[in-house]
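Peer 1: The structure under discussion is supplied below as structure tokens; questions concerning it will follow.
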């Protein structure tokens, strides 16, 4: 059951990313980030009403630590989403998502360096393979015949990789924070704990980022509200995907969920980038994506 849930969540996540990128090209990174949460609130609220209607009343007897975990995850997810969109803007749809997923490697190395973790040989092999893939994916596009590499291409490629890896690290923080928060909603079914936590987090993100944009980027905020169709698409896909992610994380360890997500997300992202954004990846970039994904999966299993 959890595999089916993860499959649908992965597809919705890729769809949401495409809607957000579309809006980012018009209104900027922070507007593309904000709509995911703001336009997701009504969808999540309707899901909560449906659950309460079908299964009866539930309780939310939680302490201050629950809201700290929600807020930590909310802030990390906001910045991670913005970094992911910025990475896509400087590279491509599929490569930005690949950089984001490579954060598993950094997490594993952090555990070895500071937490005393011991990795199996397969994990180390996976780290090496992914590192090679990241280097290849980070190389800029070659110029035309007889031309040298452009300095701007090197700069954009490096910044895209940095944004993508930063995004993955912050998403790891938010995922772990949400997992703790969901488990703190005791004496309730997992699907209720997941939906109510998603709703609380989305409200935090909508108010916090919305207030910042109202002060600093009012024009971009108006553009996001004006293009309500793209914003609503990002909202419903994001909210539905988040709810399913939380349910999957409540049923299985995060590592297993992430492996299934990777296997599904990367080919779909390449296809989405080609069909929707007319992005054509050369053989070296596709090979780099394959290396990163294979290495990440090996690192997860080797942990």
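Peer 1: Answer yes if at least one residue in segment 2-9 is outside any helix (DSSP H, G or I), in contact (Cβ under 8 Å) with a residue 60 or more places away in the chain and in contact with a helix residue (DSSP H, G or I) (Cβ under 8 Å, 6 or more places away or on another chain), and no otherwise.
Peer 2: There is no residue in segment 2-9 that is outside any helix (DSSP H, G or I), in contact (Cβ under 8 Å) with a residue 60 or more places away in the chain and in contact with a helix residue (DSSP H, G or I) (Cβ under 8 Å, 6 or more places away or on another chain).
Peer 1: Still on this model: Could you tell me how many of the residues in segment 112-138 are in contact with a helix residue (DSSP H, G or I) (Cβ under 8 Å, 6 or more places away or on another chain), exposed (fewer than 15 other Cβ atoms within 10 Å of the Cβ) and at pLDDT below 70?
Peer 2: Residues in segment 112-138 being in contact with a helix residue (DSSP H, G or I) (Cβ under 8 Å, 6 or more places away or on another chain), exposed (fewer than 15 other Cβ atoms within 10 Å of the Cβ) and at pLDDT below 70: 1 in total.
Peer 1: Moving on. Test residue 180 against the criterion of being modelled with pLDDT of 80 or more, farther than 30 Å from residue 67 by Cα and touching a helix residue (DSSP H, G or I) at 6+ places or on another chain (Cβ under 7 Å), and give yes or no.
Peer 2: Details: modelled with pLDDT of 80 or more: yes; farther than 30 Å from residue 67 by Cα: no; touching a helix residue (DSSP H, G or I) at 6+ places or on another chain (Cβ under 7 Å): yes.
When the stated conditions are applied, residue 180 does not pass them.
Peer 1: A further question follows. So residue 41 fits all but one of (1) surrounded by fewer than 16 Cβ atoms within 10 Å (Cβ to Cβ); (2) closer than 19 Å to residue 199 by Cα; what number is the exception?
Peer 2: (1)
Peer 1: Right, residue 158: buried (at least 16 other Cβ atoms within 10 Å of the Cβ) and either at pLDDT below 90 or within 14 Å of residue 62 (Cα to Cα) (or both) or not? Can you show your working first?
Peer 2: Working: buried (at least 16 other Cβ atoms within 10 Å of the Cβ): no; either at pLDDT below 90 or within 14 Å of residue 62 (Cα to Cα) (or both): yes.
In short, no.
Peer 1: Still on this structure, I have one more. Confirm whether residue 250 is modelled with pLDDT of 85 or more and on the phi < 0 side of the Ramachandran plot.
Peer 2: no
Peer 1: If you don't mind, there's one more thing I want to ask. Whether any residue in segment 184-197 is in a helix (DSSP H, G or I), under 13 Å from residue 75 (Cβ atoms) and under 18 Å from the mean Cα position of the chain (by Cα) is what I want to check.
Peer 2: No; the residues of segment 184-197 include none that is in a helix (DSSP H, G or I), under 13 Å from residue 75 (Cβ atoms) and under 18 Å from the mean Cα position of the chain (by Cα).
Peer 1: What is the number of the single condition among (1) loosely packed, with under 15 Cβ neighbours inside 10 Å; (2) in contact (Cβ under 8 Å) with a residue 24 or more places away in the chain; (3) in a loop (DSSP other than H, G, I, E, B) that residue 58 does not meet?
Peer 2: The one condition residue 58 does not meet is (1).
The values are calculated or read from the model by the stated rules, or taken from the named source; none is laboratory data. Please read these numbers as outputs of a predicted model, since none were measured by experiment. Glycine also receives a Cβ, built like all others from the backbone with ideal geometry; neighbour counts cover every protein chain displayed.
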